[in-house]
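Enquirer: Below you'll find the structure I mean.
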Amino acid sequence: DILTHGDEPTLRSPFGDALTLAACHLAGVPTTVHLAGPGLDGEIGEGTLLDRLDGGSSLVPGRDAAAAAARALAWHPSEASALWAAALHGICGTVRTVGGTLRLTAASAGLHHLTLAEALGHNPVARALVAELPDTLQEAADISQRVTGIPGLESERVPRAAPPQEPPAGGLASLDRDSAVKTLRQAADGAEHVTLRYAARTLGLTWRDIPALRTLLGSDTPVLTID
């Protein structure tokens, strides 16, 4: 969402990135904006972002880049990071995430970079912050809400919905691989893969259970293949 135009129907939390862009500009910090995995956070579609990045520089890191972060991704609940790592592993197809279903494509592994001025040219919230110079965080958030209609701070503070299932009576130890995979396959509604975060929530677990869940399911990839 750092390249938001403020009116995308799936936009959820544009304030943080816009505030960072404005701060870098106002502080005079030499800045290059890197966008990894276009569309994988589910806020702006891949096609829209690729159109906005048209003509910009990009590269596709190899599996070694994902392997360098593998220890963190083994437990970290960031779905966008896990999806990008999955794309670097060559995984394609539909993936069920906490926020919905996304598709990994040949473009999902891309790492694009542009100048700070180019990013500001896309982001009306950042430009408004630069122009109006709010004195407080709340005033800055109010500017973001005025431009996009999305509450600037509330969207960062409000937790996502609770897990759709009650935790298993015996905790993770009470689950077996076959029943867990069956539950995930049913919940994924046709998707070929699921994120570990989605799997944990669906099974009534927390992100802290992700390493043990990964062991139970016998998976060492950034997303779980269930199809």
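Coordinate-derived values only; no laboratory data. Bear in mind the structure is a predicted one, so any value in this text is a computation, not a measurement. Virtual Cβ from ideal backbone geometry, glycine too; neighbours counted across all protein chains shown.
Enquirer: Grab the DSSP H runs of the chain that are 4 residues or longer, score each as -39,500 (n - 2.57), total them, divide by all residues and round the 222 nm result to the nearest 500 deg cm²/dmol. Walk me through the numbers on the way to the answer.
Expert: On the way: 12 runs with 99 residues, N = 227.
Helix contribution divided over all residues of the chain: -12000 deg cm²/dmol.
Enquirer: Okay, moving on. Give the order of Val33, Val98, Val125 when sorted by the count of other beta carbons within 10 angstrom, beginning with the fewest. Could the numbers behind the result be given before it?
Expert: Working: Val33 22, Val98 17, Val125 27.
The order, fewest Cβ neighbours first, is Val98, Val33, Val125.
Enquirer: Who wins for biggest fluctuation among Ala68, Ala86, Ala109 in a Gaussian network model of the chain, springs between alpha carbons below 10 Å?
Expert: Ala68
Enquirer: So, one more: Give the whole-number value, in cubic angstrom per residue, of the convex hull volume spanned by the C-alpha atoms of the chain. Intermediate results must be reported in sequence, preceding the final value.
Expert: On the way: hull volume 29.5 nm³, N = 227.
It comes to 130 Å³ per residue, whole-number rounded.
Enquirer: If you don't mind, another one. Using the count of nearby Cβ atoms within 10 Å as a rough guide to exposure, how do Glu43, Glu79, Glu154 rank from fewest to most?
Expert: Working: Glu43 19, Glu79 22, Glu154 12.
The order, fewest Cβ neighbours first, is Glu154, Glu43, Glu79.
Enquirer: Let me ask something else about it. Could you give the length gained by full extension between Lys182 and His5, i.e. 0.36 nm per residue of separation minus their alpha carbon distance, to one decimal place?
Expert: On the way: separation 177, 0.36 × 177 = 63.72 nm, distance 4.04 nm.
The Lys182-His5 span can extend by a further 59.7 nm.
Enquirer: Same structure, new question: Comparing Ala107, Ala140, Ala117, which has the greatest mean-square fluctuation in the GNM of the chain with Cα pairs linked when under 10 Å apart?
Expert: Looking only at Ala107, Ala140, Ala117, the biggest GNM fluctuation is shown by Ala117.
Enquirer: Quick check for you: which residues of region 73-107 have the amide N under 17 Å from the point 7 Å beyond the Cα of Asp64 toward its beta carbon?
Expert: Those under the cut-off are 88-90.
Enquirer: Stretched out fully, how many nm does the piece from Arg103 to Glu132 gain, at 0.36 nm a residue minus the Cα gap?
Expert: Working: separation 29, 0.36 × 29 = 10.44 nm, distance 3.84 nm.
Here the answer is 6.6 nm.
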